[in-house]
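*Asks:* Below are the structure tokens for one structure; questions will follow.
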Amino acid sequence: MAKGSKRHPLATWRGPERRYDLVAEGTIAVIVVAVLCIAAAILWGSPDAGLTYPKAPRSPAGQAFSAKYWDANNPSDLALTAVNELLGTTTTATYGPPFTQTGHSQEFLGIAPAKIAKSIFGLTLPVNTANDFVLAPVSQIVAPYNPSVAAAIGLYKAAGGDLTPGVPGSQIASAQQQTWLGNYAKALALSSAKVTATSITVRAGNYGPAPVIIEAELLTADNGSLDGYFQGSQQQLRTNTYEATMFFSDGTLWHNIPQAQGVSGSQWGVMNEVWNYPGQVWLWLYAGLYQPPILNPSTNANLDLDVGLLMVLVGFLLPMFAPWIPGITRIPRWIPLYRIIYRRYYTPSAHGRTPPAAASGPPAPPPTP
Amino acid sequence: MSGGEDPAAPQEPGPVVNVTGTVRFSLAGPSPWLRAYLVRNFPLRKLLSDREPSYVSSFLYTMGVLALAGLIVAVLSGALIALGGVSFWHTNRFGALMNSIHFWGVQLFFLFTAVHFIFNFFIMAWRGGRGWTWITGVLAFILGILTSFTGFLMMTNWDSQWIAQQAKDAFNALGIGAIWNVMDAGQQFTMHVVVTTSLLLLVVTVHLGLVRRRGVCPPPGAEALETPDDPRYVQKSVR
């Protein structure tokens, strides 16, 4: 770089100055903000509404969605979802990476980042909905103490299907199992079906062992052992409850709650909080990008990828490199708010000189560090 | 930095640090170079200044320090919550109070940061060699969003379940979900308390250092009143 063209890192303002103290200003700012936060915390607290929503049973603060809650409030939804998990037809069973080997991986210009990630890291969160959500917990919790349930599990597994983790949903149930489960799903959907938290009554039909297994599933949900199963493992305690979350989200009740609380995707989703609390307002751009009709939010199978890429482009790169993008840098000139901000400086009488003034005379010698 | 310095620069060592500011980098002994770099670029008279240009008179100039104050409140209250564990604040009154202070600290941090960001855009605060100051500021904003996002994911209640279940689709679509499982509260605890917060504090520290080093950007049209401390260097043309 030629001499004279390089900018020295340090420069000094030669215009009018005034005294201030950086440490004092910072201390006052921290005290003021801390007092504001403490006052707001005492007055309004913070959102921890649990599963409270209009016309719902009372929910204690901080309550999480659980199989027990699901079973108590909508057992038929739980039963039907469990049947569909055995069938391999739920959203989770057909999701694709990182949960199942095949499924719809969202693409942009023919590139599917989820598939690329799978080729590098493998299937990192494999799920077999039939085994992980129904057969394994029932086998572990109920079957050892209930011979009829143990026999039903044995009969069901003898009918085929594939219980390998991550197997595509279409391979989870055999033809025989699909017949049993299809019949049972239809019977559960009839108005004559009676489902309580621990029992299911449907008209007689060819259901194979499905009724015994599903009723056992309800029983484990009712006494809380299904939640214990999801929150633990064979060896360790764990905080990774993705299997439970995926199972719950395959049901209907899971999606009714956020709708009632005003935080569902069509209501700008995650940027909201319950009631009048401010939520993650700073995610307005992310939540807003799910709304424009140009992206066809209701039919676009690649919507999440489109929104994610737009966020990288518009949310991250654009503001970060705004000073180097022609046009963007002209906006403050077109909308000269700085003239209002610096109105006192631009007023000659304010400091006794006519701005903007050029520095006069030779520059001062470089100060010592 | 030293690679571009003028070889004819003054060679008298400083009275305190015994460096000239033009020390060449050496892998065998990088300390003198680092000391010279820091002394040259971050002198204490800049870091702890007691004078400011008279045009710094708008209350909008306090948004940066108020955002920093919000961050400090959030970090201190968050540290107390983290000491209690991932979910104790649901049942402990002290924890609940700390959580509420944490919540409002984060809200104020983003409120002040947003105003700070918009204000600096409209005064074109990137002028005069302040490009990296701008970039680190935006990066801090983005890291702040990631930090708050991971905080919402580790609350161990319905809110965090719902947000995680919704957010996983974008993470999975981008391929990130293979290694960043937003439904794992334990991983989010690490991401929130260790990874994103550390990165945020690092970037904010660099941002503050750059702000102090360059000083406040002069009003448009007054750039010529800001002159290089070393007269052998000239101002670049103003964008």
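*Asks:* ³J(HN,Hα) across region B:48-57 via Karplus (A = 6.51, B = -1.76, C = 1.60, θ = phi - 60°), whole Hz, x for Gly/Pro?
*Replies:* Result, ordered by residue: 10, 6, 10, 9, 9, x, 5, 6, 7, 10 Hz.
*Asks:* Taking only the alpha-carbon positions of the protein assembly as shown and ignoring solvent, what does the Debye formula give for the base-10 log of I(q)/I(0) at q = 0.07, 0.12 Å⁻¹?
*Replies:* -0.57, -1.21
*Asks:* Just want the answer: with Cβ charges of +1 for Lys and Arg and -1 for Asp and Glu, which residue in B:Gln107, B:Gly64, B:Ala82 is farthest toward the dipole's positive end in region B:32-111?
*Replies:* B:Gly64
*Asks:* Please give every one of the aspartates and glutamates within straight-line cross-link reach of B:Lys46, meaning a C-alpha to C-alpha distance under 13 Å, and leave out same-chain neighbours fewer than 8 residues apart.
*Replies:* A:Asp21, B:Asp229
*Asks:* Kirkwood Rh over alpha-carbon pairs of chain B, then Stokes-Einstein at 10 °C and 1.306 mPa s: what D in µm² s⁻¹, rounded to an integer?
*Replies:* Approximately 76 µm²/s, per Stokes-Einstein.
*Asks:* For region B:120-189, taking Cα atoms only, what is the radius of gyration to one decimal and the Dmax to the nearest whole Å?
*Replies:* For region B:120-189, the Cα-based Rg and Dmax read 16.3, 49 Å.
*Asks:* Which ³J(HN,Hα) values, rounded to whole Hz and listed in residue order, are derived for region A:302-307 from phi using the Karplus coefficients 6.51, -1.76 and 1.60 in 6.51 cos²θ - 1.76 cosθ + 1.60 with θ = phi - 60°, glycine and proline given as x?
*Replies:* In residue order, the calculated couplings are 10, 4, 4, 5, 4, 5 Hz.
*Asks:* Check which residues have an amide H placed less than 5 Å from A:Thr12's amide H, if you skip close sequence neighbours.
*Replies:* Placed amide hydrogens put B:Thr227, B:Asp229 under 5 Å from A:Thr12.
*Asks:* Taking 51 Å as R0, compute the FRET efficiency from the Cβ-Cβ separation of A:Arg203 and A:Trp44 and round it to 0.05.
*Replies:* Efficiency for this residue pair is about 0.45.
*Asks:* Taking N as the number of residues in region A:67-258, what is its alpha-carbon radius of gyration divided by 2.2 N^0.38 Å? Intermediate results must be reported in sequence, preceding the final value.
*Replies:* Values: Rg = 16.6 Å, N = 192, 2.2 N^0.38 = 16.2 Å.
That ratio works out to 1.02.
*Asks:* Can you sort B:Thr190, B:Thr147 by how many other beta carbons sit within 10 Å, fewest first?
*Replies:* B:Thr190, B:Thr147
*Asks:* Please give the contour-minus-distance gain from A:Gln236 to A:Ala158: 0.36 nm per residue of separation, less the Cα-Cα distance, rounded to one decimal in nm.
*Replies:* Separation in residues times 0.36 nm, less the Cα-Cα distance, equals 25.0 nm.
*Asks:* Consider all pairwise Cα distances in region B:53-95 and report the whole-number % of them above 14 Å.
*Replies:* Of all Cα-Cα distances in region B:53-95, 62 percent exceed 14 Å.
*Asks:* If the chain between A:Val35 and A:Val23 were fully stretched, how many nm would it gain, using 0.36 nm times the residue separation less the Cα-Cα distance?
*Replies:* Result: 2.5 nm gained on full extension.
*Asks:* Per-residue mean of other chain beta-carbon atoms within 10 angstrom of the beta-carbon, peptide B:48-61?
*Replies:* Per residue, the number of nearby Cβ atoms from other chains is 6 on average.
*Asks:* Taking the Cα centre of region B:59-220 as origin, sum charge times position over the Cβ atoms of Lys and Arg (+1) and Asp and Glu (-1), and report the length of that vector in debye to the nearest 20.
*Replies:* In total the dipole reaches around 620 debye.
*Asks:* Something else about it: What average count of beta carbons from other chains do you get within 10 Å of the Cβ of residues in B:178-185?
*Replies:* That average works out to 6.
*Asks:* In nm², what is the average projected area of the convex hull enclosing the Cα atoms of region A:262-320? Provide the component values of the computation, followed by the final result.
*Replies:* Working: hull surface 17.0 nm².
Result: a mean projected hull area of 4.3 nm².
*Asks:* Report, in debye and to the nearest 20, how large the dipole of region A:67-258 comes out about its Cα centre when Lys and Arg carry +1 and Asp and Glu carry -1 on their Cβ.
*Replies:* Roughly 200 debye, rounded to the nearest 20.
*Asks:* Cross-link list A:Lys68/A:Lys194; A:Lys157/A:Lys186; A:Lys68/A:Lys186; A:Lys68/A:Lys115: which exceed 30 angstrom alpha carbon to alpha carbon?
*Replies:* Over 30 Å apart, Cα to Cα: A:Lys68/A:Lys115.
*Asks:* A:Gln176 label point, 7 Å along Cα→Cβ, cut-off 17 Å on backbone N: hits in region A:199-215?
*Replies:* Answer for region A:199-215: A:206-213.
*Asks:* Calculate the FRET efficiency for A:Leu318 and A:Ala56 from the Cβ-Cβ distance with a Förster distance of 51 Å, rounded to the nearest 0.05.
*Replies:* 0.75
*Asks:* Which distance in nm do the two modelled labels at B:Ser31 and B:Leu76 give, with both placed 7 Å along the Cα-to-Cβ direction?
*Replies:* In this crude label model, B:Ser31 to B:Leu76 measures out at 3.5 nm.
*Asks:* Here is a follow-up. Rg (Å, one decimal) plus Dmax (Å, integer) for the alpha carbons of region A:216-350?
*Replies:* 24.0, 86
*Asks:* Continuing with the same structure: Give me the inter-chain shielding for A:41-47: mean count of other chain Cβ atoms within 10 Å, whole number please.
*Replies:* Going residue by residue through A:41-47 and averaging, the value is 6.
*Asks:* Right, next: Kirkwood hydrodynamic radius, region A:23-63, all distinct C-alpha pairs: what's the number in Å? Please report the intermediate quantities before stating the final value.
*Replies:* Numbers: mean 1/r = 0.0787 Å⁻¹.
Hydrodynamic radius (Kirkwood, Cα only) of region A:23-63 equals 12.7 Å.
*Asks:* Once phi is turned into ³J(HN,Hα) by the Karplus curve 6.51 cos²θ - 1.76 cosθ + 1.60 with θ = phi - 60°, what whole-Hz value does each residue of region A:271-283 show in order, with x for glycine and proline?
*Replies:* Rounded to whole hertz, the list is 7, 8, 10, 5, 6, 9, 6, x, x, 7, 4, 5, 8.
*Asks:* Also, quick follow-up: Can you tell me the dipole magnitude for chain A around its Cα centre, using point charges on the Cβ only (Lys, Arg +1; Asp, Glu -1), in Debye to the nearest 20?
*Replies:* About 2160 debye.
*Asks:* Roughly speaking, what is the centre-to-centre gap between region A:94-166 and region A:5-55 when only Cα atoms are used, to the nearest Å?
*Replies:* Here the two parts' Cα centres lie 49 Å apart.
*Asks:* So for B:Ile101, A:Ile328, fewest C-beta neighbours within 10 Å to most, what's the order?
*Replies:* Details: B:Ile101 26, A:Ile328 14.
Ranking B:Ile101, A:Ile328 by Cβ neighbours within 10 Å, fewest first, gives A:Ile328, B:Ile101.
*Asks:* Quick one: helix B:31-41 against the long Cα principal axis of chain B, what's the angle to the nearest 10°, folded into 0 to 90?
*Replies:* 80
Read the figures in this text as sums done on the coordinates, not as results from a lab. What you see is a predicted model; the values in this text were computed from it and never measured. Positions of Cβ are backbone-derived with ideal geometry, glycine not excepted, and every protein chain shown enters the neighbour counts.
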